[in-house]
Amino acid sequence: MAGWEDVRDFTLGNVSRRATRIEFGPNAIRAVQGPNDDRVLEPYAYVGANRSLYLDVELTQLLCRVVVTGDHTWSVQDADTAEIGTITRLPSPRRFLRPNWQITQPGHPDILGRTEWLTGSPARLAAKAASRLIVSVLDGLTGIGDEGGDQPTKSRTLEWRTPSELVMITSTTITITADWLDRRLPFAYTLLAK
């Protein structure tokens, strides 16, 4: 399937339609398309064995594979076993904090994925805190989330940055903001982070 190189918003899973009717398909990297009320999750790369991704549902056209190269490091390789880049899980120096991640793509600065609360200037962090406070107060006043907590839990959000640029944001979906990022690297990250 053509077009995986330009995917901007995607998720990993087997749900092909979420809102009006839930439909299922094979486990795949799925691009988010359409309006919120009828969002379609179009498959672009199908999950195979041993952390591999294929362009076809029959799993005959290898897009990339993830190979362990160290305790916390993986190489992302194309169909010819050429390295596209590496992904490293950086253990937290603090016991109760989750690890950070790093993606290395040759010819570009390293990309560090850190929780959104650890990135940005003090003014930006203060603005995030204020907006979260307002949302939580409004939720409390309107009763959203009451009656057994029917609201989904918020997943961890990571902001992936070079020293000078926001490259992508990962949460329940992944949003890529840098055109130069080889999409196979964030695709591979989803296989490791699940």
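Details
- Taking each residue of segment 76-88 that is open to solvent by less than 20 Å² (accessible area, probe 1.4 Å) and looking for partners that are at pLDDT below 95 with beta-carbon atoms closer than 7 Å, six or more apart or interchain, yields 87/101; 87/192.
- Residue in segment 20-41 that is surrounded by the most Cβ atoms within 10 Å (Cβ to Cβ), counting only those that are touching a strand residue (DSSP E or B) at 6+ places or on another chain (Cβ under 7 Å) and either modelled with pLDDT under 85 or part of a loop (DSSP other than H, G, I, E, B) (or both): 32
- Condition check for residue 59: part of a loop (DSSP other than H, G, I, E, B), modelled with pLDDT under 95 and of a type in the set (A, V, I, L, M, F, W, C): no
- Search result, residues across segment 100-122 that are surrounded by fewer than 12 Cβ atoms within 10 Å (Cβ to Cβ) and at pLDDT 55 or above: 106, 107
- Number of positions in segment 166-176 that are touching a residue at least 24 places away in the same chain (Cβ under 8 Å) and in a loop (DSSP other than H, G, I, E, B): 2
- Restricting segment 62-75 to residues that are over 21 Å from residue 157 (Cα atoms) and either of a type in the set (Lys, Arg) or at pLDDT below 95 (or both), the residue that is most open to solvent (accessible area, probe 1.4 Å) is 71.
The values are calculated or read from the model by the stated rules, or taken from the named source; none is laboratory data. No experiment lies behind these values; they were computed from the predicted model shown. Positions of Cβ are backbone-derived with ideal geometry, glycine not excepted, and every protein chain shown enters the neighbour counts. Heads up: the accessible areas ignore ligands, DNA and RNA and are worked out on the full protein's heavy atoms, side chains in. Shrake-Rupley method; radii C 1.70, N 1.55, O 1.52, S 1.80 Å.
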